[in-house]
Amino acid sequence: MSFANYTAFTTSLSSWMDIGTSDIGASLYADLITVAESRIFREARTRDMEESFSTVIGSGTIGVPSGYLELKSAYIDSSPVQSLERRKAEWIYSEYPLRSSEGPPKYIAREGSTFIFGPYPDSAYTVKGVRYMQPTAISASSVSSFFTNNPDLYLFACLAESEIIIGRDNRIPVWEAKYQKILAQVNGLDEREDQSGSNLQMRVVGANGYRMR
């Protein structure tokens with residue numbers, strides 16, 4: 001399945017929904033794609049959405065960038081590296097109420113448009129890691145690599161949300177199930193790739209047993 005551009009994608013959508021491309025306005029197709037795309041961005045977490053970052057803590061915080069979706073990993077770039085464990089902001093304030101220089105951070109929490117730390121940083125540490133960012137939305141003038149790598153996800157997300165165009169239709173539950181299956185596959189690709197290239201090995205775990213790893 002391949003959609004060369006936005007127009008080709010909307011043409012395919014109209015075929016799946018059994019309506020002519022001229023039967024509804026272009027703005028309604030745009031609305032459907034926006035609704036489906038928003039759902040995808042909330043639910044999908046793939047390597048296409050990952051972004052490495054390196055940010056210096058200033059005044060005890062770092063900013064949350066535009067398009068941020070979720071934090072995958074974060075650590076203080078020190079020797080040795082200090083991994084940052086995710087907590088809620090309320091927990092940070094409860095455990096580290098003194099919001100002035102205390103030491104190297106061990107925990108990170110989001111508070112509005114910033115990330116805060118506990119303990120409160122005693123220096124301008126560099127935080128590095130990987131975060132999930134919202135891909136560029138597709139439009140009549142451009143498509144994103146996330147779209148070209150996952151055209152089936154887009155197709156069935158749009159079809160699953162197509163009730164706003166075609167009304168009640170007994171095909172929608174089928175399309176929804178297909179979307180959920182593809183979403184699960186897409187979200188599992190990273191884990192499978194991380195484990196690829198390694199052979200299973202036997203490791204002793206006790207006097208009477210072994211386990212695979």
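Structure notes:
- In region 152-169, the residues that are of a type in the set (Asp, Glu) and surrounded by fewer than 22 Cβ atoms within 10 Å (Cβ to Cβ): Asp152, Glu163, Asp169
Matching residues to (1) touching a strand residue (DSSP E or B) at 6+ places or on another chain (Cβ under 7 Å); (2) at negative phi; (3) of a type in the set (A, V, I, L, M, F, W, C):
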position: Phe117; (1), (2), (3): yes, yes, yes
position: Ser123; (1), (2), (3): no, yes, no
position: Tyr132; (1), (2), (3): yes, yes, no
position: Val143; (1), (2), (3): no, yes, yes
position: Phe156; (1), (2), (3): no, yes, yes
position: Glu161; (1), (2), (3): no, yes, no
position: Ile165; (1), (2), (3): no, yes, yes
position: Arg171; (1), (2), (3): no, yes, no
position: Ala184; (1), (2), (3): no, yes, yes
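- Subset of region 72-108 that is of a type in the set (D, E, K, R) and part of a strand (DSSP E or B) - its residue that is surrounded by the most Cβ atoms within 10 Å (Cβ to Cβ): Lys72
- Boolean, Ile57 is modelled with pLDDT of 95 or more, surrounded by 17 or more Cβ atoms within 10 Å (Cβ to Cβ) and over 14 Å from Ala137 (Cα atoms): yes
- Pairs where the first residue, in region 36-55, is under 12 Å from Phe146 (Cβ atoms) and the second is among the polar types (S, T, N, Q) and not in a helix (DSSP H, G or I), C-beta under 6 Å, 6+ apart: Phe41/Gln134
- Considering only residues in region 33-45 that are buried (at least 19 other Cβ atoms within 10 Å of the Cβ) and of a type in the set (Val, Ile, Thr), the one that is nearest to the chain's Cα centre (by Cα) turns out to be Ile40.
- Count of region 63-112 residues, restricted to those that are on the phi > 0 side of the Ramachandran plot and either of a type in the set (D, E, K, R) or modelled with pLDDT of 95 or more (or both), is 2.
The values are calculated or read from the model by the stated rules, or taken from the named source; none is laboratory data. Fair warning: this is a prediction, and the values are worked out from it, not measured in the lab. Glycine gets a Cβ as well: all are built from the backbone with ideal geometry, and neighbour counts include every protein chain shown.
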